[in-house]
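Data block below; observations after.
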Ligand SMILES: [Zn+2]
């Protein structure tokens, strides 16, 4: 009774999300990750839609999953045809998955206006399609499209559709809020009015157009659903689907429902980030449970309470979902945070001059617009400079950049810079499209002959934030750069009214951080 099965549609409904696409390899990797997490059902796509979708099913069949059932998605047969010869149904059979989703109409307006058939024929289509797939030995999940809108329009017809699905042998009847406009209070009323004892087990599939997809799904479970559908990170059509990264911990930790993936809850954060990486989308930092900010604290006092009794400041232990508590470096940071950051270089007392010196520097720099919570490498250089443990990489004499465009040809930037490295005068030059790219290429041109390690460093992310947009084109910008040597990532920051200068600061910090931490000590 308490058991809830989890159905993931990241690879089907999730693919309808704006800016989301996965290659076949991505889809296979995501499926294996979901299987490792013990998601019960993985909807792989619509085998009739294109070859990539069909190829997914033939590949995953060979690769075999340990726990999850792969599900193919398709609609009921067409009006006036026979299910066993209808291309929608045969594509579902040919996908050879243990389970299938059949989507059918539950809103009579859709039957008459979109399908352009009779209400009786729609019932026959549903019955025939499900019964045919059951005869083929498939587990059949019947998705009732627009169920909630249909119920509000004609309750009796919506219930007749549920009964047709039950009679035909469907394993789950999934009530879909396809337009996503249903409110929690309506979901309660509708689940309560259903003759649940006469029906196959119910499920819920909610879209987030009113911001209630997770809430509606939890209510569905509270009022009888034993099966929930959603996507990792909630990405899907329009405003998305119910977010499994929020739904799963709520079901397991708050509602105490039995779910098969419970033992893997501690891998939820990594699952969320894995899918984000495959989608090439920066995950929402403020996402409940798995977001970077979910257990992040930014005040000395909060930090002190946390040290005494963490349950007073956090709703769950972050480790349960594989997230981690973090304490932000900021002007509000207590001395204990600074002592912790300094611990790499030795033991310092809270009362030491070094600690107050660093707090003062942090305050001044934050007023200028610097932020170190996402740029710890730049802060590390400040600590090194304060402790006298900093070796400069070079000294800048000057840099010049010139952007030009002629006619319709793409614009270009020419850059050159003059540096002093130890006692040598060095020049670097480059031509690229954008100014920042050109500056980096010219800097590398100058540095690489003397510092070959620079070649192993790649800039993997570059973000710009306007700090005072009211100043329009003379506004200050903050640039964050993420760099990587293939194993380690680090972040640096620069601030200026000139985007090139802000980028220069972050670039130089990036190379100097690596130089000071991994090169100098080996010399
Ligand atoms: Zn949907």
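Please determine, by comparing only the residues of the range 166-189 that are crowded, with 21+ Cβ neighbours inside 10 Å and more than 16 Å from the ligand (Cβ to nearest atom), which one is nearest to residue 132 (Cα to Cα).
168
Please go through the range 4-26 and give me each residue that is modelled with pLDDT of 95 or more and either away from the ligand (no atom under 16 Å from the Cβ) or under 18 Å from residue 98 (Cα atoms) (or both), ordered by number.
Residues satisfying the conditions are 4, 5, 6, 7, 8, 9, 11, 12.
Here is a list: 48, 65, 92. Which entry is outside any loop (DSSP other than H, G, I, E, B) and more than 16 Å from the ligand (Cβ to nearest atom)?
The unique qualifying residue is 92.
Hey, among 241, 260, 233, which residue is more than 16 Å from the ligand (Cβ to nearest atom) and within 22 Å of residue 36 (Cβ to Cβ)?
Working: 241 fails: more than 16 Å from the ligand (Cβ to nearest atom); 233 fails: more than 16 Å from the ligand (Cβ to nearest atom).
Answer to the check: 260.
Of the conditions (1) free of Cβ contacts under 8 Å to residues at least 60 places away in the same chain; (2) assigned by TED's automatic domain parsing to the domain that holds residue 502, residue 401 satisfies every one except a single condition; which number is it?
(1)
Right, residue 459: assigned to a strand (DSSP E or B), surrounded by 14 or more Cβ atoms within 10 Å (Cβ to Cβ) and modelled with pLDDT of 95 or more or not?
In short, no.
Pick from 247, 271, 265, 253: which is away from the ligand (no atom under 16 Å from the Cβ), within 30 Å of residue 190 (Cα to Cα) and in a helix (DSSP H, G or I)?
Being away from the ligand (no atom under 16 Å from the Cβ), within 30 Å of residue 190 (Cα to Cα) and in a helix (DSSP H, G or I) holds for just one of 247, 271, 265, 253, which is 253.
The values are calculated or read from the model by the stated rules, or taken from the named source; none is laboratory data. These numbers were taken from a predicted model, which means no experiment stands behind them. Backbone-built Cβ (ideal geometry, glycine too); neighbour counts: all protein chains shown.
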